[in-house]
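What follows is a short report on a single structure.
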Amino acid sequence: MNHHTARPATKVDPTTFRRSMKHVPTSVAIVTTTVGGRPVGLTVGSFASVSLDPALVTFFVDHQSTTWPLMANSDTFAINILGHGQGECCRSFSSKGADRFAGVDWTASDDGDPVLAEASVVLECSKHSTRPLGDHLQVVGQVQKLHVLREELPLVFHQGSFLNLDHLVSA
């Protein structure tokens with residue numbers, strides 16, 4: 001019989017934790033919606049699948065985000081997963097104060113959410129749930145429709161840069 005005793009939580013320095021997490025490569029996605037007839041979007045590096053049945057996905061938003069409060073009341077959103085050549089698109093949706101949709105080709109989904117022409121995969125979602133977790137908000141979406149727009153290598157962020165995946169070795 002195994003007995004597990006919970007260890008008291010220790011405080012981990014946030015700067016050290018952030019630096020160590022840079023060793024973990026992440027995919028890059030742009031979450032988009034429409035608010036008052038205007039497109040709104042933000043970059044997330046914390047996108048993941050949660051469940052196959054029902055099809056659920058998640059991403060996390062920093063509590064200090066100035067964009068999420070604009071998007072928070074939307075019942076639907078699109079998750080635009082970027083391919084390896086879309087670093088500039090990622091940067092534009094990460095910038096503060098800029099028109100993130102300037103020069104970006106997109107069409108509206110049936111729900112009106114922006115679908116980026118540069119995305120390789122788009123997941124049209126309804127908001128399933130949100131909950132605060134530490135200094136972030138977890139958003140869970142239920143996938144209503146998905147579109148594979150092109151087969152290409154993903155855009156991957158690692159150590160503050162985008163990885164060049166041109167020389168992949170099969171596992």
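The values are calculated or read from the model by the stated rules, or taken from the named source; none is laboratory data. Because the structure is predicted, anything quoted here is derived from the model rather than measured. All Cβ positions, even for glycine, are placed from backbone atoms using ideal geometry, and neighbour counts span all protein chains on display.
Can you work out which of the residues in segment 110-141 that are in a strand (DSSP E or B) and of a type in the set (D, E, K, R) is nearest to Gly85 (Cα to Cα)? Among residues in segment 110-141 that are in a strand (DSSP E or B) and of a type in the set (D, E, K, R), the one nearest to Gly85 (Cα to Cα) is Glu124. Is it true that some residue in segment 84-107 is modelled with pLDDT of 95 or more, out of contact with any Ser or Thr (no Cβ under 9 Å at 6 or more places or on another chain) and over 17 Å from Phe47 (Cα atoms)? Yes - at least one qualifying residue is present in segment 84-107. Here segment 27-45 is the region considered, the condition is being assigned to a loop (DSSP other than H, G, I, E, B) and in contact (Cβ under 8 Å) with a residue 60 or more places away in the chain, and the residue that is nearest to Cys90 (Cα to Cα) is Val28. Quick check on segment 70-109: of everything there that is in contact (Cβ under 8 Å) with a residue 60 or more places away in the chain, surrounded by fewer than 17 Cβ atoms within 10 Å (Cβ to Cβ) and not in a loop (DSSP other than H, G, I, E, B), which residue is farthest from the chain's Cα centre (by Cα)? Once the filter is applied, the top-ranked residue is Ala108.
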